[in-house]
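Reading through the structure tokens given below for one structure.
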Amino acid sequence: FNFLLIFFVILSGLCESSVILYGTKTKKIEFIKKVLNNKDKVYLKELGILLDDEDKEIRMMASYALYELGDSTCIDYYKKALNDPFWQVRLYGIKGLFKFGEGDILDVLISALNDSYWQVRYYGAIGIGKYGNEESIEVLISHLNDENIKVKEAILISLKNLMWENVSRNTFKSMNEDKLKNVFDCFDIDNENIKLLIISLFDSANDKRCIPYLVKLLGDKSDE
């Protein structure tokens, strides 16, 4: 009985490998759905191989499955997904990095700030707030000119999150006002949430250079 069980397990593994390498699109999608339904972490490596598939739907589903079932052992797969031309593959890659990130991932998160899809930039910014340090402040500020309001919000939230450390507050306050132009410009953006976030950032940084801007905001249309 034990011999038959071992033989069945080996045969099953060979069949799955055959699907990954030579299966049709339908078979590969069925495989990914099966892995997801069974929550089977045994096949994380096979999902990683599917990130190289020529079909973008298969790569997207593999990236999604790795995000749903993976862990910190899948960091290299998440990084790989971020180089994919299809935005949905990259999205699950950056979400995986944000959720399970450890080790040398900060440069990857910073690169994500330049992605063409706004949600990838959003999670890149939020991730920097989670894994970054005082050296991340300047790069976040340099991307505050992002056209997407949600990305701006994410950057401001991350900047505030970094201010819990004295070294980050001191770094922020030591920057000259020219380098902080993107930050001060946020006071003039016609968006209540952005204004509230920028007020909160300067409060967390304990930076008195915001006082003239705060005085101006006393006449803002928003009661809050």
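Taking a 1.4 Å probe, which of ILE110, ILE94 shows the most accessible area, and what order do the others take after it?
Heavy-atom accessible area, descending, gives ILE110, ILE94.
Where Rh is the Kirkwood radius over the Cα pairs of the chain, the temperature 10 °C and the viscosity 1.306 mPa s, what D in µm²/s does Stokes-Einstein return?
80
Would you mind classifying region 65-150 by shape? Square roots of the alpha carbon gyration tensor eigenvalues, ordered a ≥ b ≥ c; an a/c under 1.5 is rounded, otherwise it is prolate if a/b is larger than b/c and oblate if not.
oblate
Strictly over 32 Å apart at the Cα level, which of LYS80/LYS130; LYS95/LYS216; LYS99/LYS208; LYS27/LYS95; LYS34/LYS150 would you flag in this model?
LYS95/LYS216; LYS99/LYS208; LYS34/LYS150
Would you mind getting the accessible area per residue of region 108-224, heavy atoms of the protein chains only, 1.4 Å probe, in Å²?
Here the per-residue accessible area is 53 Å².
Hey, for a label at ASN193 modelled as a point 7 Å past Cα toward Cβ, could you say which residues of region 126-168 have their backbone N under 15 Å away?
Once the point is set 7 Å along Cα→Cβ of ASN193, 126, 147-158 turn out to lie under 15 Å by backbone N, inside region 126-168.
How large is ³J(HN,Hα) for each residue in region 134-147, as worked out from phi by the Karplus curve 6.51 cos²θ - 1.76 cosθ + 1.60 (θ = phi - 60°), to whole Hz, x for Gly and Pro?
Per residue, the Karplus-derived 3J(HN,Hα) values read 4, 6, 8, 4, 5, 5, 5, 4, 5, 9, 5, 8, 4, 6 Hz.
Around ALA125, with a cut-off of 11 angstrom between Cβ atoms, what is the net charge of the other residues, counting Lys and Arg +1 and Asp and Glu -1?
Within the 11 Å Cβ shell, the charges total +1.
In terms of Cα to Cα distance under 13 Å, which aspartates and glutamates are near enough to LYS173, apart from those fewer than 8 places away along the same chain?
GLU134, GLU138, GLU165, ASP203, ASP207
List every DSSP H helix in the chain whose Cα atoms extend 27 Å or more along the helix's own long axis and whose mean Kyte-Doolittle hydropathy is at least 0.5.
Length and hydropathy pass: 2-22.
Could you pull the accessible area for GLU68 with a 1.4 Å probe, rounded to 10 Å²?
Counting only protein heavy atoms, the figure is 90 Å².
Please report, to two decimal places, log10 I(q)/I(0) for region 100-224 at q = 0.15, 0.19 Å⁻¹ as given by the Debye formula with identical point scatterers on the Cα atoms and no solvent.
For region 100-224, the Cα-only Debye profile gives -0.65, -1.02.
Kindly sort LYS41, LYS160 by accessible area of their heavy atoms, largest first, with the probe set to 1.4 Å.
LYS41, LYS160
Give me the percent of the accessible area of the chain that comes from carbon and sulfur atoms, probe 1.4 Å, all protein chains in place.
Summing carbon and sulfur atoms, their accessible area is 53 percent of the total for the chain.
At 222 nm, what value in deg cm²/dmol follows for the chain if DSSP H runs of at least 4 each add -39500 (n - 2.57) and the sum is divided by all its residues, to the nearest 500?
The per-residue figure over the chain is -20500 deg cm²/dmol.
The values are calculated or read from the model by the stated rules, or taken from the named source; none is laboratory data. Computed from a predicted model, the values in this text were never measured in an experiment. Counting neighbours? That spans all protein chains shown, and the Cβs are built from the backbone with ideal geometry, glycine included. Protein only, heavy atoms only, side chains kept; ligands, DNA and RNA dropped before computing areas. Shrake-Rupley method; radii C 1.70, N 1.55, O 1.52, S 1.80 Å.
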